[in-house]
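These notes are about the structure you will find just below.
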């Protein structure tokens, strides 16, 4: 592989906070993001002496067409801009870190979250409403995105 010959480089994988916090209504999406986090951690460990850095960038809800219609008006849940994600990607190149949480507080929350019993996690998640982000979507607001994805999937099947 090329990075071995150069003995330097940086591989950045973009995942999501759903790679750490499962979100009801997004089982497959969450599974793929959990996989990216695990893959990056494993490859980083396997290549720790190669001179190559590995980073997983994990934004929360990003204000893009994908998130249109998501119920984010919950207590404590905010969204970030695509520009904020890009700035964090560039920062991770300048100062390599294995995990980049956006917003940054999510790393601390995840660390504490792992220490809690499940009944407290569930109660807390319900109180802030993250169990309704996708299960209570505004489907009218999300329709343009859903139609475009369906069209592209249909095009791919016909090729």
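Overview of values
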| quantity | calculated |
| --- | --- |
| Residue 151-residue 109 pseudo-label distance in nm [points 7 Å out on the Cα-to-Cβ vector] | 3.4 |
| Where labels lie 7 Å past Cα in the beta-carbon direction, separation of residue 28 and residue 118 in nm | 2.5 |
| Cβ-Cβ FRET estimate between residue 8 and residue 39, R0 fixed at 22 Å, reported to 0.05 | 0.60 |
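Since every read-out is calculated from the coordinates, none of them should be taken as a lab result. Remember, it's a predicted structure, so these values are computed and weren't measured experimentally. Here the Cβ is made from the backbone with ideal geometry for all residues, glycine too, and neighbour counts use every protein chain on show.
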